[in-house]
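In what follows, a single structure is set out as structure tokens and then discussed.
The values are calculated or read from the model by the stated rules, or taken from the named source; none is laboratory data. Everything quoted here is computed from the prediction, not taken from an experiment. Here the Cβ positions follow ideal geometry from the backbone for every residue, glycine too, while neighbour counts run over all protein chains shown. Note: areas computed on protein heavy atoms with side chains; ligands, DNA, RNA excluded. Shrake-Rupley method; radii C 1.70, N 1.55, O 1.52, S 1.80 Å.
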Amino acid sequence: MDGALIVLLVVAVFVLFVVYRTAVVVPQQSAYVVERLGRYHATMNAGFHLLMPFVDVIRYRHSLKETAWDIAAQVCITRDNVQVGVDGILYLKVLNPERASYGISSYTFAIIQLAQTTLRSMVGKIDLDRTFEERSSINTEIVSELDKASEAWGVKVLRYEIKNIEPPADIIAAMEKQMRAEREKRAVVLQSEGQRDAAINTAEGEKQQVIKASEAKRQQQINEAEGQASAIKAVASATAQGLREVAGAIQADGGRDAVQLRVAEQYVAQFGEIARKTTAVVVPANLTDVAGMIAAAMRVFDTVAVKPGGSGGPPLPPVR
């Protein structure tokens with residue numbers, strides 16, 4: 001019984017060992033490269049797989065996920081002979097597990113070394129001032145160069161990013177002075193442009209003010225002229241209407257006697273005004289002949305030949 005139990009235990013251990021060596025579960029986003037008798041046999045993807053005992057061996061295990069590898073800082077010399085420290089990070093992914101296993105001994109080491117050499121070559125083609133501006137183009141060029149070499153290794157280089165660019169301390173100090181000078185220059189330029197714009201705006205405002213004032217003055221003169229013309233026209237119309245009414249009144253009954261009375265009153269009033277304003281008065285010889293004076297004035301009046309509503313009618317009858 002003891003011997004049979006030992007044999008049974010040995011058989012059970014052997015069966016477990018065979019199952020362990022033949023039954024394989026591959027995780028998601030992983031790939032196992034299987035060799036049979038030392039030669040490549042198959043690539044097992046995610047899932048459950050059975051191997052031939054003592055014949056098939058899992059030689060390589062690859063992750064199909066995108067992985068990031070740190071690129072150590074290195075000294076690069078720019079085109080203007082300035083040493084800068086540059087580091088970065090590389091993103092890659094295994095596309096062909098077979099090529100990644102047999103195309104090169106260590107694709108990660110090879111890609112990292114190639115990335116560093118390509119970075120030194122790219123930085124050496126540009127000046128220090130442009131290294132900060134050309135980071136995007138440098139990253140693109142490095143990815144393009146690495147992708148050409150890694151295609152044979154079954155690896156895809158997805159991205160490369162420069163993390164830091166560190167110039168020497170004296171270069172940083174000089175760059176800070178240059179940036180400060182550029183800022184001061186821009187401030188002076190902006191101030192001068194502001195003063196120029198202010199002067200232009202002031203001159204334009206004065207110009208518009210003069211134009212508006214001249215237009216207002218011209219409009220005022222036009223309005224005053226139109227007002228004066230309207231006033232003159234109104235006065236003329238009123239005077240004409242008054243003359244027509246006076247002419248009509250003269251032609252009416254008793255109008256001529258009223259004119260004679262008015263002439264006499266004006267004669268006496270004007271003679272009295274002359275005597276009041278001066279100390280020496282020249283008295284006409286016929287001063288007492290007021291009737292003669294009125295008759296003389298009426299003869300002048302008769303020559304006008306006033307007609308109600310206009311002129312050019314028959315003359316009035318002479319004074320008796």
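Measure off, as a whole percent, the carbon and sulfur share of the 1.4 Å-probe accessible area of segment 153-205, all protein chains present.
Numbers: 2150 of 3880 Å².
The computed percentage sits at 55.
Give me the number: length gained by fully extending ARG61 to ARG180, i.e. 0.36 nm times residue separation minus the C-alpha to C-alpha distance, one decimal in nm.
Numbers: separation 119, 0.36 × 119 = 42.84 nm, distance 5.55 nm.
Contour length minus the Cα-Cα distance gives 37.3 nm.
Evaluate E = 1/(1 + (r/R0)^6) for ASN45 and ARG79, where r is the Cβ-Cβ distance and R0 equals 51 Å; express this FRET efficiency to the nearest 0.05.
Efficiency for this residue pair is about 0.60.
Give me the one-decimal nm value for the distance between modelled label points at GLN241 and ASN201, 7 Å along each residue's Cα-to-Cβ direction.
Going from the GLN241 label point to the ASN201 one covers 5.8 nm.
Please give the Cα centre distance for segment 6-31 versus segment 132-166, rounded to the nearest Å.
44
Per residue and in Å³, how big is the convex hull formed by the alpha-carbon atoms of segment 92-237?
Values: hull volume 29.2 nm³, N = 146.
For segment 92-237, the hull spanned by Cα atoms encloses 200 Å³ per residue.
What's the ranking of 86-95, 257-266 by average number of surrounding C-beta atoms within 10 Å, highest first? Provide the component values of the computation, followed by the final result.
On the way: 86-95: 18.7, 257-266: 13.4.
Result, highest mean first: 86-95, 257-266.
Using the heavy atoms of the protein chains alone and a 1.4 angstrom probe, what is the accessible area of segment 1-158 per residue in square angstrom? It would help to have the intermediate numbers written out before the result.
Numbers: 9390 Å² over 158 residues.
Ligands and nucleic acids excluded, the figure is 59 Å² per residue.
Quick one: of LYS93/LYS125; LYS65/LYS163; LYS125/LYS148; LYS93/LYS148, which pairs are farther than 25 Å apart, Cα to Cα?
Values: LYS93/LYS125 29 Å; LYS65/LYS163 22 Å; LYS125/LYS148 20 Å; LYS93/LYS148 14 Å.
The pairs that break the limit, which is 25 Å between Cα atoms, are LYS93/LYS125.
Can you work out the accessible area per residue across segment 159-207, with the rest of the protein chains kept in place, probe 1.4 Å, in square angstrom? Mind showing how you got there, number by number?
Numbers: 3900 Å² over 49 residues.
Per residue, segment 159-207 has an accessible area of 80 Å².
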